[in-house]
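Structure, as structure tokens:
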Amino acid sequence: MADLSTELCGIRFKNPVWTASGCFGYGREFADVFPLSELGAICVKGTAPEPWVGNKGTRVVETPGGMLNAIGLQNPGIDYFLNVDWPWLREQGATVIVNIVGRTVAEYVAVARRLEGSGVAAVELNISCPNVKEGGLAFGTSLKGAAEVTAAVRKATSLPLMVKLSPNVTNIVDFAKAVEDAGADAVTLINTLLGMSVDIRKRKPVLGNLFGGLSGPGVKPVALRMVWQVAGAVKIPVVGIGGIMTGADAVEFLMAGARAVQVGTACFVNPRAPIDVINGIAAFMAETGVSRVADLVGAARPAAGAEGNLPALGREAGTKPAKVATGETADALRQFMKDSDRF
């Protein structure tokens, strides 16, 4: 029988498939569909020190390759979670990771301290929240902010600390290294890409908040690329998120270097999606003769490892730079690049 278990941060999870924060609530809506104990873990909705009401107006819109959401991290707060949701989740036999949010470093720290000794498996730090002390700039798009909030939460809790990275940055590797240096035990990526939708009949943006987070199959190539980059650049485990709909999608992320994956938007289309992904991984392992899911992790990476950053244009990682093209060769290359921009 295939061994689907995976180990991260000193915890052995029964399988590498978790539900992504914000797409599974606290699990109540899914408990009649399948036993929550079958999941590797549940990453519950972002939890703040106090209840957050979220954004006004239209908050969700479909796109050709997924969905945009501008929920605004609506949640009932840490007190409600600890008194109502967590006892119920424990009764279901679920392994729970708490995604925490805040508008200041102090708010993140307050939630982390409340979770200490509660029995939850780990904390996932959502650093895509706006930092009110920095004019609304998200913690996750500032190297200083990302490192600062990670270090502060690290000091506030002994729980395993995972940091969920934003893709809306110039170089994801820099942020992964920054939070690793600040004390993160693992990184999860990616959070949603920033996007928008316009209602051409009403001549106005669809979302009440103008912009929203893009998730679903359309972001998968970007997420996979970033997981590959980060897995080759940090020593801590990587958890992959972004457009995972099937077992084959999950295997791609594992082979790119992720130790576990999270299923999010797929849950809105198919409530059994996380279970289908687990079964899909198991079927692939049986078909290809892989006995341990751990043997899939990094299987697509070069044996000697790979650079965390993308190689320079026109050459493979680790090779010497090519000579600068001149004459007809240079003209042909320039024309190729112009043609490529049209697609």
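The values are calculated or read from the model by the stated rules, or taken from the named source; none is laboratory data. This is a predicted model, so every value here is computed, not measured. Don't worry about glycine lacking a Cβ; one is built from the backbone with ideal geometry, like all the others, and counts go over all protein chains shown.
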*Inspect all residues belonging to segment 137-146 and state whether any of them is modelled with pLDDT under 95, more than 20 Å from GLY232 (Cβ to Cβ) and part of a loop (DSSP other than H, G, I, E, B).*
yes
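Provide a single number: the residues in segment 277-299 that are in contact (Cβ under 8 Å) with a residue 40 or more places away in the chain, small (Gly, Ala, Ser), over 15 Å from VAL238 (Cα atoms) and assigned to a loop (DSSP other than H, G, I, E, B).
Applying the first criterion (in contact (Cβ under 8 Å) with a residue 40 or more places away in the chain) to segment 277-299 yields 277-278, 281-282, 285-286, 290-294, 296-299.
If we keep only those that are small (Gly, Ala, Ser) as well, we get 282, 286, 291, 294, 298-299.
Pick out the ones that are also over 15 Å from VAL238 (Cα atoms) and you get 282, 286, 291.
In the following step, the residues that additionally are assigned to a loop (DSSP other than H, G, I, E, B) were identified as 291.
Of the residues in segment 277-299, 1 are in contact (Cβ under 8 Å) with a residue 40 or more places away in the chain, small (Gly, Ala, Ser), over 15 Å from VAL238 (Cα atoms) and assigned to a loop (DSSP other than H, G, I, E, B).
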*Positions within segment 59-83 being over 24 Å from the mean Cα position of the chain (by Cα) and either surrounded by fewer than 14 Cβ atoms within 10 Å (Cβ to Cβ) or closer than 16 Å to PHE211 by Cα (or both), in sequence order*: ASP79, ASN83
*In segment 171-211, what residues are more than 20 Å from VAL227 (Cβ to Cβ) and of a type in the set (Phe, Trp, Tyr)?*
PHE211
*asked:* Can you tell me which residue is nearest to the chain's Cα centre (by Cα) among those in segment 84-112 that are part of a loop (DSSP other than H, G, I, E, B), under 26 Å from ALA152 (Cα atoms) and of a type outside the set (Ser, Thr, Tyr)?
replied: VAL101
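Yes or no, residue by residue, for (1) surrounded by 22 or more Cβ atoms within 10 Å (Cβ to Cβ); (2) assigned to a helix (DSSP H, G or I):
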residue	(1), (2)
LYS202	no, no
GLY218	no, yes
PRO221	no, yes
VAL230	yes, yes
GLY243	yes, no
ALA248	no, yes
VAL251	yes, yes
ALA258	yes, no
*asked:* Tell me whether segment 181-193 contains one or more residues that are in a helix (DSSP H, G or I), surrounded by 22 or more Cβ atoms within 10 Å (Cβ to Cβ) and either at pLDDT below 95 or not β-branched (Val, Ile, Thr) (or both).
replied: no
*asked:* Which pairs turn up if I take residues in segment 191-215 that are in contact (Cβ under 8 Å) with a residue 40 or more places away in the chain and of a type in the set (A, V, I, L, M, F, W, C) and look for partners that are in a strand (DSSP E or B) and loosely packed, with under 14 Cβ neighbours inside 10 Å with beta carbon separation below 6 Å, at least 6 apart in sequence or on another chain?
replied: VAL206/ASP199
_List the residue pairs whose Cβ atoms are under 9 Å apart, where the first residue sits in segment 168-183 and is basic (Lys, Arg), the second is surrounded by 16 or more Cβ atoms within 10 Å (Cβ to Cβ) and at pLDDT 95 or above, and the two are 6 or more positions apart or on different chains._
LYS177/VAL230; LYS177/ALA233; LYS177/VAL234
_For segment 113-148, which positions are more than 18 Å from the chain's Cα centre (by Cα) and of a type in the set (Gly, Ala, Ser)?_
GLY117, SER118, GLY119, GLY135, GLY136, GLY145
*Do we find that SER166 is buried (at least 17 other Cβ atoms within 10 Å of the Cβ) and among the small types (Gly, Ala, Ser) in this structure?*
yes
*asked:* For the list (1) more than 14 Å from the chain's Cα centre (by Cα); (2) of a type outside the set (D, E, K, R); (3) within 15 Å of VAL293 (Cα to Cα), I need the number of the one condition that TRP18 fails.
replied: (1)
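Applying the selection to segment 136-146, what residues are surrounded by fewer than 24 Cβ atoms within 10 Å (Cβ to Cβ) and within 25 Å of SER215 (Cα to Cα)? Before the answer, list the steps.
From segment 136-146, those surrounded by fewer than 24 Cβ atoms within 10 Å (Cβ to Cβ) are 136-138, 141-145; that's our starting set.
Passing the criteria: GLY136, LEU137, ALA138, THR141, SER142, LEU143, GLY145.
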*Residues satisfying the stated conditions in segment 96-119, i.e. surrounded by 18 or more Cβ atoms within 10 Å (Cβ to Cβ), under 19 Å from ILE11 (Cα atoms) and out of contact with any helix residue (DSSP H, G or I) (no Cβ under 8 Å at 6 or more places or on another chain)*: ILE97, ASN99
*Just wondering, is there one or more residues in segment 268-276 that are at pLDDT 95 or above, in a loop (DSSP other than H, G, I, E, B) and among the basic types (Lys, Arg)?*
yes
